[in-house]
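What follows draws every value from the coordinates through simple rules; no lab data is involved. The structure presented is a predicted model; accordingly, all values stated were derived computationally and were not measured. Don't worry about glycine lacking a Cβ; one is built from the backbone with ideal geometry, like all the others, and counts go over all protein chains shown.
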Amino acid sequence: MSQTHSQIREGAISEVFVGGFLNIDKPAGWTSHDVVAKVRGLLGIKRVGHLGTLDPDATGVLPLCFGKGTKLASLLGDADKTYDAVLRLGQETDTEDASGEVIKICPVPDRLKSEVGEAEILDVLLSFMGRYLQQPPMYSAIKIKGVPLYKMARSGKVVERSKRELKILSLNLLASHGGDIAFRVRCSKGTYIRTLCVDIGRKLGVGAHLLSLRRVQAGPFSIDDALELETLSAYCQDGQWEKIVYPANSVLSALPALFVSGVARKRLLNGVQLSMSALDRNDPFKKGDSLRFLDAEGRLIAIAQALRDSESHAVERVSMESFFKIKTVLGDGGC
């Protein structure tokens, strides 16, 4: 996403207290839940959640939602993520990262420690582009029969895990030296970068584990605009935290917008279906799209799912047939 913080935040001040989003730069050593708890205390708001867990040792973009924004978290959950990672060749660990115990050591050929091996390393990296079948690590929050895998792993158990189809959208070699490989990867939801490092190492024939990880993009949220917790705390102490809130309507600006006013707006807020003729105007949309309903002031008041294409109503705009299913009503205050 190319939107800047100021572009996303346009018109935010009047909306922040009903809900929105924050872009936090998670520090190393904190769990995602730790960050949520800290921000909940700083804002004095109970309803705070995060979008996409980061491991404790990882840093970078951790988007948070609060207030009415928590109702919209699912609309951002499938967003692509971008990470800067460093893997270390020659060692595999039980957790697949630097926090675990070394379980396998393999000598790393000199060619892979120098510029000579960069072409070989790049070829292996590029081989993961596109469709990628990945087996989730044992140290993960995925549940089998209601039990998280990491709990089984801590008790010494290893269970069979089905591979999941993911997508690697881009993978760039940033640097390679002494057996450490730095790369940037953009990937689909649910990709474990730890496991990707292990798979890269095995394809190079020497094994590997994740040494460090920093998330630099999550959907519309960029590391360039992410705030450290100390900075957020300072904004809160000055009573200025609303200035760094991302309003939900701007974060979801990629979704088609439909405008309603007057009686149609009141009916929508009461959960009543509308016809296309009740709209003041609308963006084109396709069946299955998530839709933003905006009032005359441009405030987000509801989210719905399209039941058919907007083009199918172009000629019969007066039809009373419903074209959407309401998912979330945010109310008069918008979000």
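For segment 129-209, list log₁₀ I(q)/I(0) at each q in 0.10, 0.16 Å⁻¹, using the Debye formula over Cα point scatterers of equal strength and ignoring solvent, two decimals each.
Listed by q, the Debye log ratios stand at -0.29, -0.70.
Given only helices, namely DSSP H runs of n ≥ 4 each adding -39500 (n - 2.57), what is the per-residue ellipticity at 222 nm of the chain, to the nearest 500 deg cm²/dmol?
That comes out to -5000 deg cm²/dmol.
With the crude spin-label approximation of a point 7 Å out along Cα→Cβ, what separation in nm comes out for K243 versus E297?
2.3
Once you have the Cα-Cα distance between A175 and L122, take 0.36 nm times their residue separation minus that, and quote the gain in nm to one decimal.
Result for the pair: 18.1 nm of gain on full extension.
If N is the number of residues in segment 274-314, what value comes out of its Cα radius of gyration divided by 2.2 N^0.38 Å?
Against the compact-globule rule of thumb, the ratio is 1.12.
Taking θ as phi - 60°, what are the ³J(HN,Hα) couplings along segment 167-174 by the Karplus curve (6.51, -1.76, 1.60), each to the nearest whole Hz, with x for Gly and Pro?
The phi angles translate into 9, 9, 8, 7, 8, 10, 6, 9 Hz.
Could you tell me which label, among (1) 18.6; (2) 19.7; (3) 27.9, carries the value of mean projected area of the Cα convex hull in nm² calculated for this structure?
(2)
Give me, ordered by chain and number, the residues 5 or more places off S140 or on other chains with an amide H under 5 Å from its own placed amide H.
Residues meeting the criterion, in which the H sits 1.01 Å from N, are L149, Y150.
Over all Cα pairs of segment 12-126, how is the pair count split among 5 Å bins, expressed in % and running from 0 up to the last occupied bin?
Distribution as computed: 2, 9, 15, 15, 14, 12, 9, 7, 7, 5, 3, 1, 0 percent.
Quick one: Cα convex hull volume of segment 81-215, Å³ per residue? Intermediate results must be reported in sequence, preceding the final value.
On the way: hull volume 13.4 nm³, N = 135.
Taking only Cα atoms, segment 81-215 has a hull volume of 99 Å³ per residue.
Would you mind calculating the gained length between D57 and K104 on full extension (0.36 nm times residue separation, minus the Cα-Cα distance), in nm to one decimal?
14.8 nm
Using Cα pairs closer than 8 Å and at least 6 residues apart in sequence, work out the relative contact order for the chain, in percent.
Across the chain, relative contact order equals 21 percent.
Could you calculate the FRET efficiency of A141 with K266 from 1/(1 + (r/R0)^6), where r is the beta carbon distance between them and R0 is 41 Å, rounded to 0.05? Walk me through the numbers on the way to the answer.
On the way: r = 43 Å, r/R0 = 1.04.
Computed FRET efficiency for A141 and K266: 0.45.
Once you put a point 7 Å from the Cα of D80 and another 7 Å from the Cα of Q273, both along the Cβ direction, what distance in nm separates them?
Those two pseudo-labels are separated by 3.6 nm.
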